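Note sheet for the following structure.
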Amino acid sequence: MKILFSALTAAVAVACATPVLAQAPAAPPIEAYASLPALGNVAISPDGTKIAFIGTAANGVRQLAARTLGGESLGAVGIGDQKVRAVQWADDTHVLITTSDYVAPRGFDSSQELYNAQSFNTQTQRFVTLMNSTRGGSGTTSTRISAASGQFNFIQGTPFQRMINGRLTTIVYSPGANYRSTPFSVDLDTGVGTPIDNFESFSDANGQPVARGQWDTDNGRYWVQAKDTVGWREIWSGDDYRIETPSVLGYGRTKNTVLLSVPAATGDQLFEVPLAGGTPRRLGFGEMQEPSPIYHRLTRELIGFSSLTENAYDVVFLDPTLAQRWASVTAAYPNKTVQVVSATPDFDKIIVLTQGAGDPGSYALIDMAAGRATPLGSQYPAVPTAAMGEVRYIEYRAADGMRIPAYLTLPPGREAKNLPLIMLPHGGPGARDEPGFDHWSQLLASRGYAVIQPQFRGSTGYGNAHLEAGYGEWGKKMQSDLTDGVHYLRDQGIIDPARVCIFGWSYGGYAAMAGATLDPETYRCAIAGAGVSDLPRMLAWERDQTGGKDSIVMRFWKRFMGADRINDNAIAQVSPARLADRVQGPVLLIHGRDDSVVPYEQSELFQRALQRSGKDVEMVELQGEDHWLSRASGRLRVSQALIDFLNRHNPAD
């Protein structure tokens with residue numbers, strides 16, 4: 001079905017009219033939320049005639065599939081329970097899928113989450129692993145890894161394309177000689193990689209280097225160099241970048257400038273630096289926070305900028321015609337977020353993901369020139385509109401007066417009064433929640449709970465001042481920001497303060513443990529997934545994993561935690577595993593055995609401490625599951641354990 005923008009606008013406006021409060025609908029089964037998306041990773045081919053995607057059937061069977069826009073199948077490959085990280089078209093024939101697995105590199109003592117990429121030729125139906133062997137560059141190191149499931153060839157990040165000597169080339173980074181990160185061009189039909197000499201990620205349409213950034217990790221100096229016929233010339237420099245650094249992004253609005261992102265108190269600022277040298281010019285974007293450039297895939301010309309705001313995925317196109325057409329697209333989806341997930345190089349055709357206003361996430365193909373939208377499918381088709389909870393963007397004041405943004409999800413069919421509440425802090429902490437469909441929030445809302453997701457100090461997306469306000473406030477004001485959110489909803493009459501539990505994952509898992517130990521009067525129960533319970537031991541683990549006490553990762557964590565050293569008493573005092581005797585309510589701990597971000601030991605430490613103190617604690621061990629719950633089996637088990645625990649300790653009715 002194809003819909004003209006003008007007609008679509010009217011149709012969606014009717015569908016999104018303010019609903020009348022009705023009887024609470026029957027809750028969909030837990031599987032409706034816990035399953036992996038039925039449709040995901042949708043990508044359009046460069047010529048705009050084909051799409052590729054990951055499809056998951058109702059019985060859980062998953063495939064990488066490709067078809068024409070007319071619906072003709074171009075083939076499909078079963079992918080089992082592989083953890084998909086990206087799908088892309090390398091050209092108009094080859095589809096690339098990037099996956100990851102928890103494996104041990106040869107010569108290493110511990111397992112890591114490592115990336116792998118495969119190529120599917122839609123004409124020959126051949127499916128090959130990239131970097132299955134290499135040629136040239138005699139000193140290259142094998143990327144083959146021994147794993148229980150067989151041989152695994154790892155890469156760093158996802159593949160990307162550049163023009164080299166007039167030829168479109170797929171490039172991957174992989175360990176080369178002495179395990180140094182090395183760029184390889186890859187044959188998409190054989191998987192063979194060939195090292196590339198003198199490659200720079202910022203190159204022109206012919207593959208010639210344009211500029212690069214250099215960083216001294218010891219003294220924090222960062223400088224930008226431009227390439228000319230003589231060699232590399234310095235055109236910009238700055239000092240004291242010991243954790244976050246500037247970044248060379250590509251061309252500016254003209255090809256005689258380079259676009260440079262520079263950290264600042266108000267958020268990352270963008271500057272155009274003349275390639276010939278001279279005074280940089282700052283680019284302003286009004287309210288747009290942390291804009292990211294959009295480049296033409298082949299010419300590397302700057303097309304526009306994208307950014308995530310409180311309630312929207314903003315896109316600003318430099319071309320007036322594209323800008324006008326995009327405005328028509330977003331107007332066709334009122335009260336929804338519209339996110340670009342894939343596009344042809346000239347942005348004539350775009351795949352968007354819409355969410356909100358009763359939409360659990362729907363893909364559509366946008367023909368910009370024709371002004372048409374073609375629906376492609378839903379991420380969660382088993383979640384009906386009637387079962388979707390309303391999501392409100394709210395703001396409240398912390399005890400010290402700081403503004404705290406938050407998302408509040410309300411249970412469908414219930415008055416926003418005297419509701420049970422689930423506090424749901426995000427991970428990171430240098431991260432944020434996004435507008436749109438959140439399967440945890442909607443699962444909980446469908447069971448009768450209000451859910452609040454505060455963007456506490458230390459969150460990204462609201463300027464560097466908001467982020468930096470969290471430095472040194474781990475377990476302190478970052479935690480009290482959550483409590484202040486509970487108090488705000490209590491004062492508004494929306495929630496019953498006697499029926500509040502806290503549930504979080506990763507840093508949110510720590511926040512849940514901290515809620516049970518540092519603020520036990522506020523929370524009736526706590527559910528902590530993949531959380532940190534002992535901060536000194538976590539820092540010691542990071543030191544051993546990342547190259548010593550002064551590694552970039554260690555600098556990051558010490559700054560957030562407010563620690564001068566690993567055994568700093570300040571962080572011991574906010575470590576839940578050392579405060580188990582303060583817990584009053586029941587605690588559920590959940591952790592994946594294959595977690596490469598927070599070791600499983602962290603949940604075990606808290607479990608043992610709670611048991612020694614005679615507290616009510618349960619532990620769910622997820623065999624074969626990672627930090628991100630990438631497999632359907634793990635998501636389902638966590639969802640079932642969560643709802644069962646809440647039914648027993650904080651029932652909604």
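The values are calculated or read from the model by the stated rules, or taken from the named source; none is laboratory data. Nothing here was measured: the structure is a model prediction, and the numbers come from that model. Ideal geometry is used to build each Cβ from the backbone, glycine not excepted, and the neighbour counts take in all protein chains shown.
Can you find even one residue in the stretch 636-645 that is without any contact (Cβ under 8 Å) to a residue 40 or more places away in the chain and loosely packed, with under 15 Cβ neighbours inside 10 Å? Explain how you work it out, then say what you get.
Going residue by residue through the stretch 636-645, those that are without any contact (Cβ under 8 Å) to a residue 40 or more places away in the chain are 637, 644.
Next, from what is left, pick out any that are loosely packed, with under 15 Cβ neighbours inside 10 Å: 644.
Yes, that holds for at least one residue.
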Would you call GLY624 surrounded by fewer than 19 Cβ atoms within 10 Å (Cβ to Cβ), touching a residue at least 12 places away in the same chain (Cβ under 8 Å) and in a loop (DSSP other than H, G, I, E, B)?
yes
I need every pair where a residue in the stretch 588-601 that is at negative phi has its Cβ under 8 Å from the Cβ of a residue that is in a strand (DSSP E or B) and hydroxyl-bearing (Ser, Thr, Tyr), sequence separation at least 6 or different chains.
ASP594/TYR102; SER596/TYR102
Return only the number of the condition from (1) surrounded by fewer than 19 Cβ atoms within 10 Å (Cβ to Cβ); (2) at pLDDT 95 or above that GLU310 does not satisfy.
(2)
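Within the stretch 126-134, identify whether any single residue is modelled with pLDDT of 85 or more, within 24 Å of the chain's Cα centre (by Cα) and within 26 Å of GLY75 (Cα to Cα), and answer yes or no.
Restricting attention to the stretch 126-134, the residues satisfying the condition of being modelled with pLDDT of 85 or more are 126-132.
Next, only the ones that are within 24 Å of the chain's Cα centre (by Cα) stay: none.
No, the stretch 126-134 contains no residue that is modelled with pLDDT of 85 or more, within 24 Å of the chain's Cα centre (by Cα) and within 26 Å of GLY75 (Cα to Cα).
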By residue number, the members of the stretch 205-220 that are charged (D, E, K, R) and surrounded by fewer than 16 Cβ atoms within 10 Å (Cβ to Cβ) are ASP216, ASP218
Flag for TYR393 being in the same structural domain as PRO435 (by the TED database) and either of a type in the set (Gly, Ala, Ser) or surrounded by fewer than 17 Cβ atoms within 10 Å (Cβ to Cβ) (or both)
yes
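Please verify whether VAL597 is among the aliphatic types (A, V, I, L, M), assigned to a loop (DSSP other than H, G, I, E, B) and touching a Gly at 6+ places or on another chain (Cβ under 7 Å), treating the condition exactly as stated.
So VAL597 does not fit the description; no.
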Which of the numbered conditions does LYS549 fail, given that it passes all the others? Conditions: (1) part of a loop (DSSP other than H, G, I, E, B); (2) basic (Lys, Arg); (3) under 15 Å from ASN650 (Cβ atoms).
(3)
Considering residues that are surrounded by fewer than 17 Cβ atoms within 10 Å (Cβ to Cβ) and under 22 Å from the mean Cα position of the chain (by Cα), the number found within the stretch 525-554 is 3
Residues in the stretch 63-100 that are in contact with a Gly (Cβ under 7 Å, 6 or more places away or on another chain) and part of a loop (DSSP other than H, G, I, E, B) total 0
Which listed residue, of ALA399, ALA373, ALA357, ALA369, is in contact (Cβ under 8 Å) with a residue 24 or more places away in the chain, small (Gly, Ala, Ser) and not assigned by the TED database to the domain that holds LEU308
ALA399
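So is TYR396 assigned to a strand (DSSP E or B), modelled with pLDDT of 95 or more and out of contact with any helix residue (DSSP H, G or I) (no Cβ under 7 Å at 6 or more places or on another chain) or not?
Numbers: assigned to a strand (DSSP E or B): yes; modelled with pLDDT of 95 or more: yes; out of contact with any helix residue (DSSP H, G or I) (no Cβ under 7 Å at 6 or more places or on another chain): no.
Against the criterion (assigned to a strand (DSSP E or B), modelled with pLDDT of 95 or more and out of contact with any helix residue (DSSP H, G or I) (no Cβ under 7 Å at 6 or more places or on another chain)), TYR396 does not qualify.
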Test: ALA26 is of a type in the set (Gly, Ala, Ser) and within 20 Å of the chain's Cα centre (by Cα):
no
Looking at the stretch 529-544 only, could you name the residues that are without any contact (Cβ under 8 Å) to a residue 40 or more places away in the chain and of a type outside the set (Asp, Glu)?
PRO536, LEU539, ALA540, ARG543
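For ALA577, are the conditions met, namely being assigned to a helix (DSSP H, G or I) and over 26 Å from GLU113 (Cα atoms)? Before you say what the answer is, go through the steps one by one.
On the way: assigned to a helix (DSSP H, G or I): yes; over 26 Å from GLU113 (Cα atoms): yes.
Spelling it out, ALA577 is indeed assigned to a helix (DSSP H, G or I) and over 26 Å from GLU113 (Cα atoms).
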